[in-house]
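Enquirer: Before I ask anything, let me first share the structure, which is written out below as structure tokens.
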Amino acid sequence: MALGLFAVCLALAALHAVLVENQASLDDLIEHNEQRFERIDQLQAEIAYLDSPEGLADQAQSAGLVPAGDLAVLTPVGPNRLPPPDADPFDLKSSGWTPPPSAGGKSTG
């Protein structure tokens with residue numbers, strides 16, 4: 001009977017040692033995951049900053065770009081200036097442009 005009780009206690013001690021070892025490994029994995037989640041949060045915050053107007057301005061400045069000058073409004077038509085066109089300037093028929101003849105009189109298509 002004493003030998004059986006000793007065997008049971010020895011088996012329980014072995015199981016407990018395995019359980020403690022696995023728990024330590026599990027704790028290490030949980031800590032590793034927490035560190036990864038913190039890194040993900042840092043990277044997401046960095047991405048949000050880089051996509052913001054301030055982040056884009058900082059990137060442009062570090063690339064050597066300069067802020068744009070003042071906006072200049074051009075007014076080509078008006079009194080004592082160039083008169084507005086009478087017809088649509090983008091209409092090919094009113095411009096007098098004729099397309100060149102196709103080679104050999106054959107149309108492609």
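Enquirer: Could you pull out the trypsin sites (Lys or Arg not before Pro) across the range 1-87 that fall in loop regions by DSSP (anything but H, G, I, E, B) with no more than 16 other Cβ atoms inside 10 Å?
Expert: ARG81
Enquirer: Please give the contour-minus-distance gain from PHE6 to ASN22: 0.36 nm per residue of separation, less the Cα-Cα distance, rounded to one decimal in nm.
Expert: 3.3 nm
Enquirer: A further question follows. Taking θ as phi - 60°, what are the ³J(HN,Hα) couplings along the range 14-30 by the Karplus curve (6.51, -1.76, 1.60), each to the nearest whole Hz, with x for Gly and Pro?
Expert: Once θ is set to phi - 60°, the couplings for the range 14-30 become 5, 4, 5, 5, 5, 4, 5, 5, 5, 5, 5, 5, 5, 4, 5, 5, 5 Hz.
Enquirer: Spelling out what I want: for every residue of the range 34-49, take phi, set θ = phi - 60°, compute 6.51 cos²θ - 1.76 cosθ + 1.60 (Karplus), and round to whole Hz; glycine and proline get x.
Expert: 4, 5, 5, 5, 5, 5, 4, 4, 5, 5, 5, 5, 5, 5, 4, 5
Enquirer: Sort out the exposed loop chymotrypsin sites (Phe, Trp or Tyr not before Pro) in the chain (DSSP loop, at most 14 other Cβ within 10 Å) and tell me the longest stretch that has none.
Expert: 1-89
Enquirer: Moving on to the next point. For ILE40 and ALA57, compute 0.36 nm times the residue count separating them, minus their Cα-Cα distance, and round to one decimal in nm.
Expert: 3.7 nm
Throughout, read-outs are computed from the coordinates displayed, never taken from laboratory work. Keep in mind it's a predicted model, so treat the numbers as computed, not measured. Backbone-built Cβ (ideal geometry, glycine too); neighbour counts: all protein chains shown.
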